[in-house]
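The values are calculated or read from the model by the stated rules, or taken from the named source; none is laboratory data. Bear in mind the structure is a predicted one, so any value in this text is a computation, not a measurement. Because the Cβ atoms are built from the backbone with ideal geometry, glycine has one as well, and the counts that use them run over all protein chains shown. Heavy atoms of the whole protein, side chains included, go into the accessibility calculation; ligands, DNA and RNA do not. Shrake-Rupley method; radii C 1.70, N 1.55, O 1.52, S 1.80 Å.
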Amino acid sequence: MNLTRQNSPRMMWTIIVLVLLLCLVNYLDRVVISFAIEPIRNDFGIDNAGFGLAMTLFAAGAIAINLISGILLDRFGVRIVWLIGLGIWTAAMFMLGMVEYWWLFLVFRVMLGIGEGVNFPAMNRAICDWVPPGHASKVTAACLIGVPGAFLLGGPLFGWMIDDIGWRGTFKLLSGCSLVLLIAIVFLYRNPPVPARHERPNASWLPLLKDPTLLATSWSFFAFGAILYFGLTWIPGYFEQTYDLKLTSIGWFTTLPWGLAIILMQLVAWRSDAMHRRTGNSRTSRVYLIIVFQLLAAGCFVPLAFVDTSTWAIVWLTAGIGCSMAPNAPYYSILTDLYGERTGAATGVMITFFSASGLLLPVVIGLLTDSSGSFDSTFMLIAAIVASGALGMFIFARPKMTAASDQ
């Protein structure tokens, strides 16, 4: 047993605070760019497909580094790899607020993706290093509050800020916040003792690519990403283009999905950990919860293809995004439960699938909406992808039962 996991309450809280704030800052970027769809399109003279390309290239940067960063995290520890990734993200965000040419904007979106691609593998590696398995889901859920929290806060904040200082000025502000966090990591975060972190320093990551549980979990996480990337990228544009709503009014009621997500994420994570401490069974404590909530999410997206009022649209979007994000933490906890000193690489594999979702979905949605003039086919596509992820988890995600987890 990793002794650092038993005696690390200070570092556990350090991880929670640092990762929560880092997720918040990273995802505030998604708020800015989603609320700045129309200003960015006007500034650079692009259509929905062109904007989708910017989102895709961001994901291309992330997908290029996800697995590599996971392997490096297992080999060299979290601190140095995390700092390098955050440094790249900070520089790229600042430059996005400076560029005047579309091709340069695309280049720095790739760089931004490379910097952010380190974040979630680093989070899960840090949790594996410092947090007992029986508490992994609730710690992860606390860290991940920053993701929906960014949209809970950012919607009303950036709805008027973009009008006031522009999307470029907002990018520069976020770059400054990221720099503060980089300095905080230098002074506050420490790797665990080397023997505890590197029980199997030379273990190959290649067998992970043949593991049916990891692959099924990763495909389901791809499906999770389909909903999240729609929520992160297209909600303001959807309401502007479908219901002709103003950006300032959109900002307030689009906070509802993210508020519900924060509540459900914590409840599901606590339930998952309680079941895992009692049974040591990752299928019943992690996998089944993912299946149930992703099926509910898929069911909520189907009616969106048929509603004709903004009120019903926000009701179904709120329910769909909330249910999809509810089991976010158990995805990561499956990996800390099963893969030990290869947690970084395993998380890199899963996040690569997530990034692939971000690589494909924004462009696909842009093309679908440009060709059909509505989002109806997008909602049916998302529902089908999410349902397939839940089915894959039911059939293939069968982790072996372990002893009841550490308290």
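Looking only at residues of region 7-55 that are polar (S, T, N, Q) and modelled with pLDDT of 75 or more, we find that the one that is farthest from GLY115 (Cα to Cα) is ASN42. Out of region 119-138, which residues are open to solvent by 10 Å² or more (accessible area, probe 1.4 Å) and either free of Cβ contacts under 8 Å to residues at least 60 places away in the same chain or of a type outside the set (Phe, Trp, Tyr) (or both)? Answer for region 119-138, where residues must be open to solvent by 10 Å² or more (accessible area, probe 1.4 Å) and either free of Cβ contacts under 8 Å to residues at least 60 places away in the same chain or of a type outside the set (Phe, Trp, Tyr) (or both): PRO132, PRO133, HIS135, LYS138.
Here SER355 fulfils each of the conditions (1) surrounded by 24 or more Cβ atoms within 10 Å (Cβ to Cβ); (2) in contact with a Phe, Trp or Tyr (Cβ under 8 Å, 6 or more places away or on another chain); (3) within 27 Å of LEU209 (Cα to Cα); (4) small (Gly, Ala, Ser) apart from (2).
When the residues of region 304-326 are narrowed to those that are open to solvent by 30 Å² or more (accessible area, probe 1.4 Å) and more than 23 Å from the chain's Cα centre (by Cα), which ends up nearest to GLY389 (Cα to Cα)? For region 304-326, the residue satisfying everything is PHE306. Within region 384-399, being open to solvent by 10 Å² or more (accessible area, probe 1.4 Å), more than 21 Å from PRO207 (Cβ to Cβ) and either of a type outside the set (Ser, Thr, Tyr) or touching a Ser or Thr at 6+ places or on another chain (Cβ under 8 Å) (or both) holds for ALA384, ILE385, ALA387, LEU391, PHE394.
When only residues in region 206-241 that are closer than 14 Å to ILE314 by Cα and of a type outside the set (A, V, I, L, M) count, which is surrounded by the most Cβ atoms within 10 Å (Cβ to Cβ)? Here the answer is TYR238. Does LEU112 qualify as being among the hydrophobic types (A, V, I, L, M, F, W, C), more than 27 Å from ALA269 (Cα to Cα), at pLDDT 90 or above and touching a Phe, Trp or Tyr at 6+ places or on another chain (Cβ under 7 Å)? So LEU112 fits the description; yes. Looking at region 105-118 only, could you name the residues that are more than 26 Å from THR343 (Cβ to Cβ) and either in contact with a Pro (Cβ under 7 Å, 6 or more places away or on another chain) or open to solvent by less than 10 Å² (accessible area, probe 1.4 Å) (or both)? Matches in region 105-118: PHE105, ARG109. For region 278-296, the condition holds for no residue, the condition being that it is part of a helix (DSSP H, G or I), open to solvent by 30 Å² or more (accessible area, probe 1.4 Å), modelled with pLDDT under 95 and among the hydrophobic types (A, V, I, L, M, F, W, C).
Total residues in region 43-54 satisfying the condition of being in a helix (DSSP H, G or I) and either of a type in the set (Gly, Ala, Ser) or more than 19 Å from GLY97 (Cα to Cα) (or both): the figure is 5.
The sole residue among ILE40, ILE71 that is open to solvent by less than 10 Å² (accessible area, probe 1.4 Å) and touching a Phe, Trp or Tyr at 6+ places or on another chain (Cβ under 8 Å) is ILE40.
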